[in-house]
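Report on one structure; see the data block that follows.
FYI, it's all coordinate maths here, none of it is from the lab. The model shown is predicted, which means the values in this text are computed figures rather than measured ones. Here the Cβ positions follow ideal geometry from the backbone for every residue, glycine too, while neighbour counts run over all protein chains shown.
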Amino acid sequence: MFQLSPWRADFPAIAALQRQHQTYLDSAATTQKPQALLDALSHYYSHGAANVHRAQHLPGALATQAFEDSREKVARWLNAASAQQIIFTHGATSALNLLAYGLQEHFVAGDEIVISALEHHANLLPWQQLALRQGLKLVVLPLNANGIIDLAAASTLIGPRTRLVAVSQLSNVLGAWQPLEALIALAKAQGAMTVVDGAQGVVHGRHDVTQLGCDFYVFSSHKLYGPDGLGVLYGRSEALARLGHWQFGGEMVADADYQSATFRPAPLGFEAGTPPIASVIGLGATLDYLASLDQDAVLRHEALLHTHLLRGLGEREGVRLLGRPQLALASFVVEGVHNADLSHLLTEQGIAVRAGHHCAMPLLKSLGLSGAVRVSLALYNDSEDLKRFFDALDQALELLR
């Protein structure tokens, strides 16, 4: 059945890529941008850019209002209790590093940090390096055969020495939703803090951080159809109060002299220096656009495309899926074929997919692989994109076998 995307025309780059004979299937890495975002960026730069919060002139007041309006929009999108729980960073990676440094005083040697075996390097390395700096133990939760964190194992590994549990909401390699509610409950029972890497999950559906009950939730704007160079850190008010400051400069100071300083609370206390103003305003415009869509229709569209993708991969001899992908992406290997060779031949035919370890090298190593090919979908993809992909895949496999 042909599946047309009614939102395709909202993304000018898709038409531009088509004119270049390119089919974009790498949205898990970064998404294309809606016209609403492009208009917001153009308006900000063409009608008078200004710094925020400190200027007393009209351009500064307008920029500050638009900036803080975007903070409110992010809070509404996540159903946070207050916009003051939203900190803007330079990406999800930046937000996770902020947490790893800002929470370090709450750990002593011998404490445990728990992550999972599927984590992206962004949610592995900050905690790994914190553990190395302070003599902590990094505990890795194993996965079951479907690529989902093993809750039975988690119930034994999350224990009285656990101080923090940091896990991804949706795997960027395996495409599987993780049992966050159960994991957060296990962590809370031990008095541990919880961090959710929502970089992949935030893109698909609306997620209520208040109901979820995590202490912190992070995501990157550029994966949510927004501008790059921008991330979001949500924190419960009580959790944010535990954060130490890790970057210092303008904006975040309450008072300073030559020998000492006091700092503002969240969010401004963690936004040292000039923030990515245009990107923040652009994210607000992107969220306005996304909020205008029928979210159920978007999810149905993505689910149908995903079913089509899995069916087509399953029909091809020698293709092996990694885990059991549930939504939006699928990673696979082909017997006797190197992932880089396959990706190269697909690229030559105008198919943009991702190949390699996907910044989850330990996961790929645990699967006995050096890399895999990943196809990832977004609301602007349609059945014709997948037809072109499968035609190119067939030609590539014919050459490589």
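State the Cα centre-to-centre distance between segment 368-401 and segment 90-149 in whole Å. When both Cα centres are located, 32 Å separates them. Net length available on complete extension from R206 to D294 is 30.5 nm, with 0.36 nm assigned per residue and the Cα-Cα distance removed.
In percent, what relative contact order does segment 1-71 have, based on Cα pairs under 8 Å that are 6 or more apart in sequence? Here the relative contact order equals 19 percent. Ordering R311, R354 from the fewest to the most neighbouring beta carbons within 10 Å gives R311, R354.
Count Lys and Arg as plus one, Asp and Glu as minus one, and take only other residues whose Cβ is under 14 Å from that of A100; the net charge is then -2.
With K and R counted +1 and D and E -1, the other residues having a Cβ less than 15 Å from that of M361 yield a net charge of +2.
Each Cα pair under 8 Å and six or more residues apart adds its sequence gap; the mean of these over the residue count of segment 38-291 is a relative contact order of 25 percent. Ignoring lysines fewer than eight residues from K137 along the same chain, the ones with Cα atoms less than 20 angstrom from its Cα are K188. What lysines sit close enough to K387 to cross-link, taking a C-alpha to C-alpha distance under 29 Å and skipping anything fewer than 8 places away on the same chain? The qualifying lysines are K33, K223. Counting 0.36 nm for each residue step from S370 to A145 and taking away their Cα separation leaves a gain of 79.1 nm. Expressed to the nearest 5 percent, the antiparallel share of DSSP beta bridges inside the chain is 55 percent. Each part reduced to its alpha carbon centroid, segment 225-252 and segment 23-60 end up 20 Å apart. Over the chain, dividing the summed -39,500 (n - 2.57) contributions of all DSSP H runs of at least 4 residues by the number of residues returns a 222 nm mean residue ellipticity of -12000 deg cm²/dmol.
Of [x] 5, 22, 30, 25, 14, 4, 0, 0; [y] 4, 18, 25, 22, 15, 9, 5, 1, 0; [z] 4, 18, 28, 29, 17, 4, 0, 0, which is the value of P(r) over Cα pairs in 10 Å bins from 0, in percent derived from the coordinates here? Given [x] 5, 22, 30, 25, 14, 4, 0, 0; [y] 4, 18, 25, 22, 15, 9, 5, 1, 0; [z] 4, 18, 28, 29, 17, 4, 0, 0, the calculated one carries the label [x].
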